[in-house]
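Chemist: The structure's right below; bear with me while I get my questions together.
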Amino acid sequence: KAYDVIVSNPPFFVEEVFCPDGRRNAARHSDGLGFDELLDAVARMLTADGSFSVILPSKACDDFVSLAAMRHLYVHRLTWVQTKASALPKRVLLEMGRDVRAWQAERLPIMDGSSYAAEYKRLTRDFYLAF
């Protein structure tokens with residue numbers, strides 16, 4: 001079966017400290033589902049004009065993008081997620097597809113001073129009662 005849209009928040013911690021709860025480790029650590037296996041499945045199941053979205057630690061971005069390109073999956077959008085504008089990104093949001101496109105990296109700070117940043121609130125307001 002083929003899909004037009006695939007979204008994944010994969011387990012992605014590598015070489016991190018494990019906790020005693022095996023189910024929590026499986027959800028958080030990449031030893032149960034590696035990037036190769038994830039990308040093989042996406043390459044097999046994504047339609048020709050489909051879209052694949054994933055969230056990863058920022059330090060995994062370059063390797064993931066390289067592995068994806070070997071499967072003819074290319075970046076369409078990339079957003080660096082930062083706790084605040086002056087901080088280094090902790091996460092990256094990737095949207096990928098089968099065609100090569102021009103794209104520019106965006107930044108999304110979560111906090112602006114001691115409150116949530118306006119763009120973050122706009123993007124997440126449907127998921128939080130406090131916004």
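Chemist: Quick test of your reading of the structure: Arg125 fulfils all but one of (1) in a loop (DSSP other than H, G, I, E, B); (2) free of Cβ contacts under 8 Å to residues at least 24 places away in the same chain. Name the failing condition by number.
Modeler: Condition not satisfied by Arg125: (1).
Chemist: Now a separate question. List the number of the failed condition for His72; all other conditions in (1) at pLDDT 95 or above; (2) of a type outside the set (Lys, Arg); (3) within 16 Å of the chain's Cα centre (by Cα) hold.
Modeler: Here His72 meets the rest and fails (3).
Chemist: Here's a follow-up. Keeping to the range 72-113, report how many residues are touching a helix residue (DSSP H, G or I) at 6+ places or on another chain (Cβ under 8 Å), surrounded by 14 or more Cβ atoms within 10 Å (Cβ to Cβ), in a loop (DSSP other than H, G, I, E, B) and not hydrophobic (A, V, I, L, M, F, W, C).
Modeler: Number of matching residues: 1.
Chemist: Which of the residues belonging to the range 49-71 are surrounded by fewer than 17 Cβ atoms within 10 Å (Cβ to Cβ) and out of contact with any Asp or Glu (no Cβ under 9 Å at 6 or more places or on another chain)?
Modeler: Of everything in the range 49-71, those that are surrounded by fewer than 17 Cβ atoms within 10 Å (Cβ to Cβ) and out of contact with any Asp or Glu (no Cβ under 9 Å at 6 or more places or on another chain) turn out to be Ile55, Pro57, Ser58, Lys59, Asp62, Asp63, Ser66, Ala69, Met70.
Chemist: Considering only residues of the range 35-48 that are small (Gly, Ala, Ser) and in contact (Cβ under 8 Å) with a residue 24 or more places away in the chain, which is most open to solvent (accessible area, probe 1.4 Å)?
Modeler: Ala48
Chemist: Within the range 104-131, how many residues are within 30 Å of Arg44 (Cβ to Cβ) and at pLDDT 95 or above?
Modeler: Within the range 104-131, residues that are within 30 Å of Arg44 (Cβ to Cβ) and at pLDDT 95 or above number 2.
The values are calculated or read from the model by the stated rules, or taken from the named source; none is laboratory data. All figures in this text were calculated on a predicted structure; none of them were measured in a lab. Using ideal geometry, Cβ is built from the backbone for each residue, glycine included, and neighbour counts are taken over all protein chains shown. In case anyone asks, the SASA skips ligands and DNA or RNA and just uses the protein heavy atoms, side chains included. Shrake-Rupley method; radii C 1.70, N 1.55, O 1.52, S 1.80 Å.
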